Amino acid sequence: MAANNAYIFLGPEIGEKQDAIDAIRKKLAAGGTPDEFVFYAGETPPLKIAEAVQNHSLFAAPRLFIVKNADQIKKKDETSLIASCMEELEADSVMILVSDDFKLAAGLDSCCPRNNRTVFYEMYENKKPEWVQSFFRREGHKITANAVDVILEMVENNTDALKRECSRLMLFLPKDRPVEADDIEKWLSHNREESAFTLFSRIAAGDAQKAVETMHTLLAAKERPQSILAGLTWCFRKLRDYMVLVREGKADNSFETKKIGLSSPKTKSDCAAAARRYNSAAVDACLALTAEYEILARQAGQALESVLMDMYVLKVMGRAKA
């Protein structure tokens, strides 16, 4: 029988997913400060996860178990083991399976009540500008539409990343005038962490060593290969659109570049650099390669991620014109 204190949170929208976990953490804390355990499926064997869940003394504090990358639990004996843990949770324990995917293995998908299973989808594109504007307004800032566009170009596609980067921007941006696109470009470029977009910058510049280092930094920060590749897919598609403008003699027209989603000077600069290194056929080949490695990343175990993604970076850079 499914336990009411078992949850499954799926989907790519990290911010809302984290808010849901925080709400459960706060509710659990009403019974005392909980002991929290975080596991990464693919790194921690399911047997060790099960041992931690089942090892509970009578007078221990409430416990919260979070299993990330739960889509990596696929074998029947492993799914049965984790499912039994979730179905037999003690009253003061909560277990949450978390994944960026939209579904888990069949043996896991039914091991908690339907109301406790949630898929967090990405925010609709037309809602994102309103989200950013509202965030700035609450903090006492005015922001131009162009500045909002730059934020949405330079920050990853989830509310967690948007909230984190916009909060940092509050430390630097002026309140005595509307925030402009140049302000955002200056401070995001100065303070941003590595992302799929900084990785694309290294690829566009032809710096293989820096590109591989950036990939390793992302993987060490627990970025999923699928998320990295999704960001690069966006970049290569924008590059393809930019190259059409180059052929039509419109690449210097800010109205035309904005129409294809390139408002940030940095993004346009990266596309211009990449367009000098890749032709249209090479960009199509990079997109096909990215799709191929997205499938391979889903099939490979976590131990092979680094080697697999190194191969991807070197192959993408090898598609450049001689």
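Take the residues in segment 54-75 that are touching a Leu at 6+ places or on another chain (Cβ under 9 Å) and in a helix (DSSP H, G or I); name whichever of them is farthest from residue 95 (Cα to Cα).
Restricting to residues being touching a Leu at 6+ places or on another chain (Cβ under 9 Å) and in a helix (DSSP H, G or I), the top hit is 71.
May I ask you to say which residue of 51, 78 is touching a helix residue (DSSP H, G or I) at 6+ places or on another chain (Cβ under 7 Å), assigned to a helix (DSSP H, G or I) and among the charged types (D, E, K, R)?
Values: 51 fails: touching a helix residue (DSSP H, G or I) at 6+ places or on another chain (Cβ under 7 Å).
78 is the lone residue from the list that is touching a helix residue (DSSP H, G or I) at 6+ places or on another chain (Cβ under 7 Å), assigned to a helix (DSSP H, G or I) and among the charged types (D, E, K, R).
Quick one: in segment 87-131, of everything that is more than 21 Å from residue 298 (Cβ to Cβ), of a type in the set (A, V, I, L, M) and surrounded by 17 or more Cβ atoms within 10 Å (Cβ to Cβ), which residue is nearest to the chain's Cα centre (by Cα)?
Across segment 87-131, the extreme among qualifying residues is 123.
Out of the residues in segment 294-312 that are at pLDDT 90 or above and closer than 11 Å to residue 229 by Cβ, which is surrounded by the fewest Cβ atoms within 10 Å (Cβ to Cβ)?
308
Quick one: in segment 264-298, which of the residues that are among the basic types (Lys, Arg) and free of Cβ contacts under 8 Å to residues at least 60 places away in the same chain is nearest to residue 223 (Cα to Cα)?
Let us first name the residues in segment 264-298 that are among the basic types (Lys, Arg), namely 266, 268, 276-277, 298.
Subsequent filtering for residues that are free of Cβ contacts under 8 Å to residues at least 60 places away in the same chain retains 268, 276.
Details: 268: 25, 276: 29 Å.
Top of the filtered list is 268.
What's the total number of residues in segment 206-226 that are in a helix (DSSP H, G or I) and buried (at least 21 other Cβ atoms within 10 Å of the Cβ)?
Here is the first cut: in segment 206-226, the residues in a helix (DSSP H, G or I) are 208-220, 225-226.
From what's left, buried (at least 21 other Cβ atoms within 10 Å of the Cβ): 211, 214-215, 218, 225.
So the answer is 5.
Residue under question is residue 151, and the condition is that it be assigned to a helix (DSSP H, G or I), touching a strand residue (DSSP E or B) at 6+ places or on another chain (Cβ under 9 Å) and closer than 30 Å to residue 270 by Cβ; does it hold? Spell out how you get there, then give the answer.
Values: assigned to a helix (DSSP H, G or I): yes; touching a strand residue (DSSP E or B) at 6+ places or on another chain (Cβ under 9 Å): yes; closer than 30 Å to residue 270 by Cβ: yes.
In short, yes.
Cβ contacts < 7 Å: first residue surrounded by fewer than 16 Cβ atoms within 10 Å (Cβ to Cβ), restricted to segment 249-263; second residue among the aromatic types (Phe, Trp, Tyr) and part of a loop (DSSP other than H, G, I, E, B), any location; separation 6+ or different chain. Result?
none
The values are calculated or read from the model by the stated rules, or taken from the named source; none is laboratory data. Note that the structure is a prediction, hence the values are computed from the model and not measured. Quick reminder, even Gly has a Cβ in these numbers, built from the backbone with ideal geometry, and neighbours come from all protein chains shown.
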